[in-house]
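Let me begin by presenting the structure, written as structure tokens, before commenting on it.
The values are calculated or read from the model by the stated rules, or taken from the named source; none is laboratory data. Bear in mind that the values here come from a model prediction, so they are computed numbers and not experimental data. Reconstructed Cβ throughout: ideal geometry from the backbone, glycine too, with neighbour counts over all protein chains shown. When the accessible area is computed, the model is the full protein with side chains, heavy atoms only, and any ligands, DNA or RNA have been set aside. Shrake-Rupley method; radii C 1.70, N 1.55, O 1.52, S 1.80 Å.
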Amino acid sequence: MVGRAGRHPRAALGTVSGFVGEQRDMRDGREPTGAPRDAAFFRHWLTAVAEAVEEEADRLTELDSAIGDADHGTNMRRGLAAAVSAVEEERPPTPGAVLVLAGRTLVSTVGGASGPLYGTLLRRTGKALDDAPEVDLGELAGALRTGVDAVARLGGATAGDKTMLDALLPALDALGDGLDAAARAAEKGAGDTVPMRARKGRASYLGERSIGHQDPGATSSALLFTALARTARAADGEGGTP
Amino acid sequence: MPSTRRPDPRGAVVGRPSEWKSDRWTAYAGTDGSLAVKQLINVPERVVTDALRGMAAAHPELSVDVERRVVVRRDAPVAGKVALVSGGGSGHEPLHGGFVGPGMLDAACPGEVFTSPVPDQMARAAAAVDSGEGVLFVVKNYTGDVLNFDMAAELAEDEGVRVAKVLVQDDVAVTDSTFTAGRRGTGGTLFVEKIAGAAAAEGAPLERVERVARRVAEACRSFGVALTACTTPAKGGPTFDLPPGELELGIGIHGEPGRERRPMMTSGEIADATVDALLADDPPNGPVLALVNGMGGTPLLELYGFNAEVQRALGERGVAVPRTLVGNYVTSLDMAGCSVTLCQVDEELLRWWDAPVATPALRWGR
């Protein structure tokens, strides 16, 4: 893996189908539909998240360097690569099982606060999906709500604390308007953390000096939703949906 | 960081050392030379693994699981003894692995640099060192450490291991705990691990060892000062920007900026500011142990000079210091700077501090 200059990041993540290559801008194509999605879709979603984190790793680390300890990109990259590899190897049969396995893998590989928090988000969302073979947007939204609530409880944070929740909560609220709307809300939420003063995690030690920097956790959380919209659009295109 | 290296799914870097080519130095030379901090490493992804390999080679009295990242004293589990397990992000060496051995920790779990270890590590460590008398987790108060140790405690208890936890939160630079993650655990960790370790070695049961550890944790206060930022391997450059003529007061041990920046001060002025911050938080009403700690990049020559000023400052304020430890014990990679930890002790705690210890980094008595 080392010293292969110019190797495309996707190759390292073991992309399974070509669809993730189609990274059209979310405002470019059609709105992704809320059609039912199967286990394969959720594996593809994780791959898309891993790719996005791979591409944004330096930026996440840079943001983390301003108000944290400069490792968020590295840690998330390691965890998501492991999660993708685990679900591709094991191929769990349902969307819920895919997310539970991915969550468990994150807890075992990421460390820091991000490991338990992201792990809990995926694990609890997966558990809420139960063993349904396919889930539509409404069902996913409900399950994500359960997952995000669990994250809030575990981290003891609320909206406005300059955390992951500041991207996740607006995204959940916008999910009713579709996946693109959720992705935009998550990105806006991450951007809105700039003027906030951190009250949780390592950035909180900076007090007033945390103001003026975008939260790395909110930034990586937004990638979950942009990747979700992108994956859905690609799947719609493949299936020839309306 | 402009890097073409990709970690494999387990985060390991494969191939032979001669094949590990780092593009770091050339990349920086072409952009901003000021970022080119030179480090004695192969590739960033392997820093912790390589250090554990080296530790295993240097310390046959320890059993080092390089792959699973657990450092255990070789004679564990010690029959009839409560075991102490700690862990945390790497980059603070010798904390925690350097404190594994008779009289202190039974096992340590290093995470990635500045990243708490994962629950599987501590659960595995607990299972390896438990003699049946139970295990005490020594946890520094950071969100990640607390979450991962909590999950580990659940895993270990599922396996039938009795687990108690003590939280170290000694950093007085964090003043408004309501609006932060609470006080950080820093230099006080050394006192907790040494003194509770001595109590455990004496045969105290789990509840007693836990009580002793908590007493020590509550008796510790720390304050740190950075003269430079530190360089994480992942970033390859300084974690924050500290101009040449300034220092940072009230720093933590993760390269995070502190709470106040001032023009450069003398060793004596830094000692006064540090001692004042410590005493303002909790004026001791008895003798204290002092740890005059280097952050990793400050020479021992300067640290001893600084200790002279710390002892002067404490003396002027009427604080008795029966024991002092000077050196790099709770570090922050290559950061230049220092911290002072005071631990108020009574006869009993002092006796446990003086008790024999035999670890890579602390060794006396017997």
**OP:** Just subtract the alpha-carbon distance of B:Glu202 and B:Arg366 from 0.36 nm times their residue separation and send over the number in nm, one decimal.
**Re:** 57.7 nm
Original post:
Using a 1.4 Å probe on the protein chains only, how many percent of the accessible area of region A:26-153 belongs to carbon and sulfur?
Top reply: 47 percent
Subject >> Solvent-accessible area buried by pairing A with B, both sides, nearest 100 square angstrom, 1.4 angstrom probe >> reply: 3800 Å²
**OP:** Sum up the charges of everything whose Cβ sits under 9 Å from the Cβ of B:Thr232, counting Lys and Arg as +1 and Asp and Glu as -1, but leave B:Thr232 out.
**Re:** -1
Original post:
With the contact rule set at Cα under 8 Å and sequence spacing of 6 or more, what percent relative contact order holds for chain A?
Top reply: 23 percent
Original post:
Say the cut-off is 29 Å between C-alpha atoms; which of A:Lys188/B:Lys38; A:Lys127/B:Lys140; A:Lys188/B:Lys235; A:Lys162/B:Lys38; A:Lys162/B:Lys194; B:Lys140/B:Lys235 go over it?
Top reply: A:Lys188/B:Lys38; A:Lys127/B:Lys140; A:Lys162/B:Lys38; A:Lys162/B:Lys194
Original post:
From the Cα gyration tensor of the protein assembly as shown, with a ≥ b ≥ c the square roots of its eigenvalues, which class applies: rounded if a/c is under 1.5, or else prolate if a/b is larger than b/c, or else oblate?
Top reply: prolate
Subject >> Computed over region B:124-168: relative contact order in percent, which uses C-alpha pairs under 8 Å that are six or more apart >> reply: 53 percent
Original post:
Relative contact order for chain B: what is it in percent, counting Cα pairs under 8 Å that are at least 6 residues apart?
Top reply: 16 percent
**OP:** Please list, in chain and number order, the residues 5+ apart from B:Ala181 or on another chain whose amide H is under 5 Å from its amide H, with Hs placed from the backbone.
**Re:** A:Gly201, A:Ser204, A:Tyr205
Original post:
What residues does region B:197-234 have that are buried by at least 40 Å² of accessible area in the full protein assembly compared to the chain on its own, 1.4 angstrom probe?
Top reply: B:Ala234
Original post:
Measuring from centroid to centroid over Cα atoms, what is the spacing of region A:52-75 and region B:208-236 in Å?
Top reply: 24 Å
Subject >> Angle in degrees between helix A:72-90 and the longest Cα principal axis of chain A, rounded to the nearest 10 >> reply: 20 degrees
Original post:
What residues does region B:137-169 have that are buried by at least 10 Å² of accessible area in the full protein assembly compared to the chain on its own, 1.4 angstrom probe?
Top reply: B:Tyr142, B:Thr143, B:Gly144, B:Leu147, B:Asn148, B:Met151
Original post:
Just how large is the dipole of the protein assembly as shown about the Cα centre, in debye to the nearest 20, putting +1 at every Lys and Arg Cβ and -1 at every Asp and Glu Cβ?
Top reply: 860 debye
**OP:** Counting only heavy atoms of the protein chains, get the accessible area per residue of region B:262-318 (1.4 Å probe) and round it to a whole Å² value.
**Re:** 45 Å²
Original post:
Taking only protein heavy atoms and a 1.4 Å probe, what accessible area per residue, in Å², does region B:45-218 have with all protein chains in place?
Top reply: 32 Å²
Original post:
Looking at region A:33-78, which residues lose a minimum of 50 Å² of accessible area between their chain alone and all protein chains in place, measuring with a 1.4 Å probe and not counting ligands or nucleic acids?
Top reply: A:Ser65, A:Asp69, A:Arg77, A:Arg78
Original post:
Can you give the % of DSSP beta bridges in the protein assembly as shown that are antiparallel, to the nearest 5?
Top reply: 55 percent
Subject >> Pair B:Ala358, B:Asp176: separation of 7 Å Cα→Cβ label points (nm) >> reply: 5.1 nm
**OP:** Assuming R0 = 22 Å, can you tell me the calculated FRET efficiency for the pair B:Thr324 and B:Val78, based on Cβ-Cβ distance, to the nearest 0.05?
**Re:** 0.15
**OP:** Might you tell me the accessible area per residue for chain A, computed with a 1.4 Å probe and given in Å²?
**Re:** 36 Å²
Original post:
Can you list the residues, at least 5 places off or on another chain, whose amide H is less than 5 Å from the amide H of B:Asp334, using H built in the peptide plane?
Top reply: B:Thr231
**OP:** Taking H placed 1.01 Å from N in the peptide plane, check which residues at least 5 places from B:Val70 or on another chain put their amide H under 5 Å from its amide H.
**Re:** B:Asp65
Original post:
By DSSP, what percent of the beta bridges with both residues in chain B are antiparallel, rounded to the nearest 5?
Top reply: 55 percent
**OP:** Taking the Cα centre of region B:221-357 as origin, sum charge times position over the Cβ atoms of Lys and Arg (+1) and Asp and Glu (-1), and report the length of that vector in debye to the nearest 20.
**Re:** 180 debye
Subject >> Accessible surface of chain B [probe 1.4 Å, protein heavy atoms]: carbon and sulfur percent >> reply: 53 percent
**OP:** Taking the Cα centre of region B:158-241 as origin, work out the dipole magnitude from +1 charges on Lys and Arg Cβ and -1 charges on Asp and Glu Cβ, in debye rounded to 20.
**Re:** 140 debye
Original post:
For chain B, what are the DSSP H helices with axial Cα length of 18 Å or more and mean Kyte-Doolittle hydropathy of at least -0.5?
Top reply: B:143-158, B:188-201, B:206-219, B:267-281, B:300-316
